[in-house]
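Q: First the structure, which I've put down as structure tokens, then a few questions once you've had a look.
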Amino acid sequence: MTGHDVRRAVVTGGAGFLGSHLCERLLRGGASVICMDNFLTGSPQNVAHLIGHPGFRVVECDLTGFVHVPGEVDLVLHFASAASPTDYLRLPVETLKVGGLGTLHALGLAREKGARFVLASTSEVYGDPLRHPQREDYWGNVNPVGPRSVYDEAKRYAEALTTAYRNSRGVRSGIVRIFNSYGPRIRPHDGRAIPTFIRQALAGEPLTVAGDGSQTRSICYVDDTVTGILALAFSDLPGPVNIGHPQEITVLELAETVRDLVGSRSAITFVDRPVDDPSMRCPDTALARERLGWRPTVSSEEGLRRTIDWFTAELGLERAVGT
Ligand SMILES: NC(=O)c1ccc[n+]([C@@H]2O[C@H](COP(=O)([O-])OP(=O)(O)OC[C@H]3O[C@@H](n4cnc5c(N)ncnc54)[C@H](O)[C@@H]3O)[C@@H](O)[C@H]2O)c1
């Protein structure tokens, strides 16, 4: 399958951060796109600029209920799910339901249509990893009854469902394990480190670093993430495939970089680390490189600069530089 073979795609969670970028990129490539979303953590505002495009439709629907799409579909990208810790801790059962029932329904749709199916999985399936960097054949270190399990285990179950539908129902499925992505349209208050630091630095408030900030993260600009996801979608690879930036950065370095790029003199303060917060995150991206020819191209400085510009322009956040 290539991008040219996709005439009509369904993006579940299409009004979310990643989903909206996927809708946009697919439309630009000439496909029609049906965005299915219940706006639980996303917003119609994220796709407002696509309304009026002849190939674009938004359908308000809860994936955990009945799902029906008339006509042909070549590709189902299943991205519906709360994704930020603030959201999934606030919506524990909803997160488990969309990971379980929602994935079941999205797989059923792909099966009915004979479509390629891609599950948005996450680096969180590795939990607090005991191997570093994380390769796709590592099974992870997840606490099944910890607070984050509503997300981690939902995604692990969704991976199992996807694999079962591939093996026993003939669905041409792929699994992408996405590491932290960021960029325009990420919500300032969604609780993830990057939007929090940008918002705090722009407002001249202290940047709140969890723990001593020595825990590491991998951050990938959204354009690169979307390119990787679609490379997998347009291939026949089952995955899982890691899509993330192979450069590791500590949370403290991240806070300092954001503060410098904003030009703010905000203090850095240290707050308690969340329960089961992973101490290391870095993808091994050999598989994506070798099988998909994918590698990220946007440096973290450039990506953060673009994101800061978006926050400033779109949200009317004034820079309180020097406070
Ligand atoms: N952004 C990242 O860094 C990242 C990293 C790893 C994995 N992912 C995965 O990518 C996907 C999208 O993440 P995001 O960052 O764009 O999050 P997001 O919260 O911005 O988007 C998720 C979307 O799913 C929708 N949704 C939730 N439950 C639904 C339901 N029952 N029915 C219909 N729609 C529903 C929400 O309204 C929202 O628009 C998620 O599956 C997430 O697990 C994202």
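The values are calculated or read from the model by the stated rules, or taken from the named source; none is laboratory data. Since the structure is predicted, the reported quantities are computational estimates derived from the model, not experimental observations. A quick note on method: Cβ atoms are made from the backbone with ideal geometry, for glycine too, and the neighbour counts reach across all protein chains shown. For the accessible areas, the whole protein counts, side chains as well, though only heavy atoms, and no ligand, DNA or RNA atoms are used. Shrake-Rupley method; radii C 1.70, N 1.55, O 1.52, S 1.80 Å.
Q: State which residue is nearest to the ligand (Cβ to nearest atom) when the search covers only the range 75-86 and only residues that are hydroxyl-bearing (Ser, Thr, Tyr) and open to solvent by 20 Å² or more (accessible area, probe 1.4 Å).
A: So the residue we want is Ser81.
Q: So Glu112 ticks every box in (1) within 27 Å of Gly239 (Cα to Cα); (2) more than 12 Å from the ligand (Cβ to nearest atom); (3) of a type outside the set (A, V, I, L, M); (4) open to solvent by less than 20 Å² (accessible area, probe 1.4 Å) but one. Which box is left unticked?
A: (4)
Q: Something else: Any residue at all in the range 205-219 that's within 13 Å of the ligand (Cβ to nearest atom), under 23 Å from Gly16 (Cβ atoms), touching a Lys or Arg at 6+ places or on another chain (Cβ under 7 Å) and among the charged types (D, E, K, R)?
A: For the range 205-219, residues within 13 Å of the ligand (Cβ to nearest atom), under 23 Å from Gly16 (Cβ atoms), touching a Lys or Arg at 6+ places or on another chain (Cβ under 7 Å) and among the charged types (D, E, K, R): present.
Q: Here is a further query. Out of (1) open to solvent by 30 Å² or more (accessible area, probe 1.4 Å); (2) under 20 Å from the mean Cα position of the chain (by Cα); (3) within 11 Å of the ligand (Cβ to nearest atom); (4) at negative phi, what's the single condition that is false for Phe39?
A: (4)
Q: Determine whether Thr225 is surrounded by fewer than 20 Cβ atoms within 10 Å (Cβ to Cβ), in contact (Cβ under 8 Å) with a residue 24 or more places away in the chain and either in a helix (DSSP H, G or I) or under 18 Å from the mean Cα position of the chain (by Cα) (or both).
A: No; evaluated as a whole, the condition is false for this residue.
Q: Of everything in the range 22-36 that's open to solvent by less than 20 Å² (accessible area, probe 1.4 Å) and within 17 Å of the chain's Cα centre (by Cα), which residue is nearest to the ligand (Cβ to nearest atom)?
A: This residue is Met36.
Q: Could you run through the range 45-74 and say how many residues are part of a helix (DSSP H, G or I), among the hydrophobic types (A, V, I, L, M, F, W, C) and open to solvent by 20 Å² or more (accessible area, probe 1.4 Å)?
A: Number of matching residues: 1.
Q: Here's something else I'd like to know. Would you check which residues across the range 177-193 are touching a Lys or Arg at 6+ places or on another chain (Cβ under 9 Å), within 8 Å of the ligand (Cβ to nearest atom) and either open to solvent by less than 10 Å² (accessible area, probe 1.4 Å) or in a strand (DSSP E or B) (or both) and list them?
A: Arg177, Phe179, Tyr182, Ile186
Q: Select from the range 262-297 the residues that are open to solvent by less than 50 Å² (accessible area, probe 1.4 Å) and at positive phi and list them in ascending order.
A: Gly263
Q: Out of Leu18, Leu107, Leu89, Leu96, report the one residue that is closer than 23 Å to Asp224 by Cβ and either within 15 Å of the ligand (Cβ to nearest atom) or modelled with pLDDT of 95 or more (or both).
A: Leu18
Q: Checking the structure you have, find out if any residue of the range 125-141 is aliphatic (A, V, I, L, M), open to solvent by 30 Å² or more (accessible area, probe 1.4 Å) and not in a helix (DSSP H, G or I).
A: So far as the range 125-141 goes, yes, one or more of its residues are aliphatic (A, V, I, L, M), open to solvent by 30 Å² or more (accessible area, probe 1.4 Å) and not in a helix (DSSP H, G or I).
Q: Here is a further query. Within the range 142-155, count every residue that is part of a helix (DSSP H, G or I) and either among the aliphatic types (A, V, I, L, M) or crowded, with 21+ Cβ neighbours inside 10 Å (or both).
A: Qualifying residue count for the region: 6.
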